[in-house]
Amino acid sequence: MSSARLSGDKALPAWLADACVLLLVAACMFWGLGRPPIRDNNEALYADIAMAMSRGGSWLIPHLDGVPYIEKPPLLYWLMALSFKAFGVGAWQARLPDAAAAWLASLGCIALGRRLGSPLGGRTAALIAGTALGWVEIGRTILFDPLMSLGWLTALALVVLAEQRESRALMRWAMLPLGLAVMTKGPEALVLLGLVGLVQLLLSPGPLPRARMLRLHKRANMLNSEKFKLLSIHDGGFHGCLMEKQREHLRAGRSLQCPLGQTEWIPCRQEHVSGEACSPLHRQDPSR
């Protein structure tokens with residue numbers, strides 16, 4: 001009896017265990033974040049677009065070398081541009097939004113575990129995900145995937161909680177992070193969440209019977225939610241505006257290709273022409 005009480009007294013408090021996991025994940029994501037230089041691939045391309053925004057470029061239409069670049073939605077560019085404005089231009093500033101999103105995913109695992117009454121399960125999920133080599137590598141690279149994954153997982157967590165509590169409000173609030181995921185990488189987030197919902201409806205693993213689950217989704221009006229309409233401008237007005245700008249450049253006879261390609265990144269090409277100083281992100285010799 002006394003030994004059991006003694007072992008219970010020595011148990012690590014739950015909040016301290018969560019803090020240790022989050023500190024470990026933070027070390028994996030943020031330690032030496034700016035040490036490797038920006039690579040001459042998509043990292044350089046995305047950082048170039050964000051730097052143009054932070055230096056007075058259009059925040060609605062991403063531009064690369066003065067030409068509209070409509071390959072991806074703009075959320076990552078916005079966050080990188082805000083990071084440049086807040087902390088200056090550099091490698092770690094460019095990677096900060098992705099690293100923060102990867103860390104927040106672990107925080108979300110812990111929060112969901114507590115909400116579901118399984119803090120140990122949430123803590124374990126946060127530890128495994130936050131220290132997995134592949135996830136750490138992606139989180140420390142300028143990519144759209146960490147942000148999209150964070151938005152999609154947050155939407156999925158809200159849907160799970162909404163089904164357990166039969167809450168239409170939570171179901172509608174799930175559209176907010178889902179819309180942000182769409183604004184990060186496009187409609188893939190919709191497809192992923194739809195596939196999960198389909199499997200759940202077919203297998204009915206949750207506490208709700210299938211008919212009640214369908215009724216909850218229908219009442220929540222997920223796909224017609226006004227929150228989702230406002231945040232999904234990527235599929236309508238946003239892309240329409242970008243395509244119109246692209247057609248204007250084509251009619252003017254301007255090339256839509258990067259003049260130097262993607263094998264060499266010089267993020268301030270126009271500054272080189274005018275003789276001004278180059279950005280600290282520039283890792284190449286301008287004489288090349």
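Every number in this text was worked out from the coordinates using simple rules, so none of it is lab data. Small disclaimer: the values here were computed from a predicted structure and weren't measured. Quick reminder, even Gly has a Cβ in these numbers, built from the backbone with ideal geometry, and neighbours come from all protein chains shown.
Cα convex hull of the range 89-133: how many Å³ per residue?
51
Within a Cβ distance under 15 Å of Ala99, other residues only, what is the Lys/Arg minus Asp/Glu net charge?
Within the 15 Å Cβ shell, the charges total -1.
Give the dimensionless ratio obtained when the Cα radius of gyration of the range 1-103 is divided by 2.2 N^0.38 Å.
Ratio of Cα Rg to 2.2 N^0.38 Å: 1.61.
Residue by residue through the range 100-108, which ³J(HN,Hα) values in whole Hz follow from phi under the Karplus form 6.51 cos²θ - 1.76 cosθ + 1.60 (θ = phi - 60°), with glycine and proline marked x?
5, 5, 5, 5, 5, 4, 5, 4, x
Taking θ = phi - 60°, what integer Hz values does the Karplus form 6.51 cos²θ - 1.76 cosθ + 1.60 yield along the range 82-90, in sequence order, with x for Gly and Pro?
5, 5, 4, 5, 7, 10, x, 9, x
Find how much the distance from Leu24 to Arg55 grows on full extension, using 0.36 nm per residue of separation minus their present alpha carbon separation; answer in nm with one decimal.
Length gained, Leu24 through Arg55: 7.7 nm.
Work out the length of the dipole vector of the range 28-159 about its Cα centre, built from +1 on the beta-carbon of each Lys and Arg and -1 on the beta-carbon of each Asp and Glu, and round it to the nearest 20 debye.
The dipole magnitude comes to about 520 debye.
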